[in-house]
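Remarks on the structure that follows.
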Amino acid sequence: MASLEHTTMRIAARDFRRDLDASHEELRELLALTHAVKRDPAAYRSALAGKYISILFEKPSLRTRLTFELAIKQLGGDAVASTGKIGQREPLKDVARNLERWTQCIVARTYLQETIDQLAEWASVPVVNALSDIYHPCQALADVFTLEERFGDLRGKKVAFVGDGNNVAHSLMLTAVRLGADFAIATPEGYQPFADIVAEAKALAAVSGAQLALTGDPAEAVSGAHAVYTDVWTSMGFEDEAAERRVNFQPYQVTAELMEKARPEAVFMHCLPAHRGEEVVDEVIESERSVVFQQAENRLHTQKALLMMLMG
Ligand code: CP
Ligand code: NVA
């Protein structure tokens, strides 16, 4: 019978609050398990039998929320969900100590990374970051898996991120360089990724042999790239800055002309939701090069592997 014995490796940190909570070895195992789960989903239909997860979302979501709910159900478990600001109706530490008595895992999407960290501190069950202001680690898992499906070993491949040095950029940068992919990010002045996360990525790149480059020039970033990635100019929680951002990011729009500067086989990537006519033009996101729906599909498969490695 299918069971958790499909993988013996567990994420030793017990939580997935940020990308680096999984070691390099655990990340490799997660990607291998994802391949197996994607190939033969039926073999895992009882892997989380009798297990429940709490899904707490402070912000809207289509992909993350539905793929977590589907992942747990397809693994034989079930999920319960609640929305609203965590810690508003009652202290966060009380929320955590309720949920740990009912469910075996907490998946949370929050405004602040601090909320994820506090939940992990107070709850004895694993806490998964389903997007915060600083990280989107579950997205990065699906993204590198999608890249491996297309290009194989990522060592020596180049990923270019064009736009805001945001949560998606932080997680992708850390995860891609760890797997040996070169990473270049082009942002306007004032929207660079956080310096401490760049420093972490540099240290990881030194180990994997990857190159890491920060620039203001989109053409320079995408030159020689196997993948061109962008995300919204205004992330959830930053809506007050939307008008100013629309002006500052205009030169960073991913157009067909910019895609031409990447490798001929380069793919276009986006975590979705996308704002066509802002960070990307319709012609690119609807083109043959676009793998945005493969990325979205792979959220389901990578999160199954993640849940199995956390809830065993
Ligand atoms: N990519 C992503 O996280 O999408 P949702 O905001 O719909 O979950
Ligand atoms: N950077 C975006 C990603 C949405 C999936 C946001 O935080 O709103």
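Examine the range 241-252 for a residue that is more than 20 Å from Thr187 (Cβ to Cβ), more than 13 Å from ligand 2 (Cβ to nearest atom) and touching a residue at least 60 places away in the same chain (Cβ under 8 Å), and state whether such a residue exists. No: the range 241-252 contains no residue that is more than 20 Å from Thr187 (Cβ to Cβ), more than 13 Å from ligand 2 (Cβ to nearest atom) and touching a residue at least 60 places away in the same chain (Cβ under 8 Å). Can you confirm whether the range 42-56 contains a residue that is within 13 Å of ligand 1 (Cβ to nearest atom), more than 28 Å from Ala201 (Cα to Cα) and either among the polar types (S, T, N, Q) or in contact (Cβ under 8 Å) with a residue 24 or more places away in the chain (or both)? Looking through the range 42-56, at least one residue is within 13 Å of ligand 1 (Cβ to nearest atom), more than 28 Å from Ala201 (Cα to Cα) and either among the polar types (S, T, N, Q) or in contact (Cβ under 8 Å) with a residue 24 or more places away in the chain (or both).
For the range 129-169, the candidate set comprises residues that are under 20 Å from Tyr252 (Cα atoms) and touching a Lys or Arg at 6+ places or on another chain (Cβ under 9 Å); within that set, the residue that is farthest from ligand 2 (Cβ to nearest atom) is Lys158. Within the range 47-59, is there a residue that is assigned to a helix (DSSP H, G or I), surrounded by 13 or more Cβ atoms within 10 Å (Cβ to Cβ) and within 16 Å of ligand 2 (Cβ to nearest atom)? No, the range 47-59 contains no residue that is assigned to a helix (DSSP H, G or I), surrounded by 13 or more Cβ atoms within 10 Å (Cβ to Cβ) and within 16 Å of ligand 2 (Cβ to nearest atom). Can you name every residue in the range 179-200 that is part of a helix (DSSP H, G or I), more than 17 Å from the chain's Cα centre (by Cα) and not acidic (Asp, Glu)? The answer is Ala195, Ala199. Within the range 281-307, residues that are surrounded by fewer than 18 Cβ atoms within 10 Å (Cβ to Cβ) sit with their Cβ atoms under 6 Å from residues that are among the basic types (Lys, Arg), at 6+ positions apart or across chains, in these pairs: Asp282/Arg276. If you check Val95 against the conditions, is it modelled with pLDDT of 95 or more, β-branched (Val, Ile, Thr) and buried (at least 23 other Cβ atoms within 10 Å of the Cβ)? Judged against the criteria, Val95 is a match.
Quick one: would you say Tyr229 is out of contact with any Phe, Trp or Tyr (no Cβ under 7 Å at 6 or more places or on another chain), of a type in the set (Phe, Trp, Tyr) and surrounded by 14 or more Cβ atoms within 10 Å (Cβ to Cβ)? Spelling it out, it is not the case that Tyr229 is out of contact with any Phe, Trp or Tyr (no Cβ under 7 Å at 6 or more places or on another chain), of a type in the set (Phe, Trp, Tyr) and surrounded by 14 or more Cβ atoms within 10 Å (Cβ to Cβ). Filtered by the rule that a residue be part of a loop (DSSP other than H, G, I, E, B) and either on the phi < 0 side of the Ramachandran plot or surrounded by fewer than 24 Cβ atoms within 10 Å (Cβ to Cβ) (or both), the range 139-178 gives Gly152, Asp153, Leu154, Arg155, Gly156, Lys157, Asp164, Gly165, Asn166. For the range 257-290, the set of residues classified as away from ligand 2 (no atom under 16 Å from the Cβ), under 22 Å from the mean Cα position of the chain (by Cα) and aliphatic (A, V, I, L, M) consists of Ala266, Val267, Val284, listed by residue number. Taking the range 107-138 as the range and being surrounded by 24 or more Cβ atoms within 10 Å (Cβ to Cβ), part of a helix (DSSP H, G or I) and within 16 Å of ligand 1 (Cβ to nearest atom) as the test, the residues that pass are Ile116, Pro137, Cys138.
So for the range 22-40 (the condition being buried (at least 18 other Cβ atoms within 10 Å of the Cβ), at negative phi, modelled with pLDDT of 95 or more and in contact with a strand residue (DSSP E or B) (Cβ under 9 Å, 6 or more places away or on another chain)), does at least one residue qualify? So far as the range 22-40 goes, yes, one or more of its residues are buried (at least 18 other Cβ atoms within 10 Å of the Cβ), at negative phi, modelled with pLDDT of 95 or more and in contact with a strand residue (DSSP E or B) (Cβ under 9 Å, 6 or more places away or on another chain).
The values are calculated or read from the model by the stated rules, or taken from the named source; none is laboratory data. Everything numeric in this text was worked out from a predicted model, so none of it was measured. Positions of Cβ are generated from backbone atoms using ideal geometry, with glycine treated the same way; all protein chains shown enter the neighbour counts.
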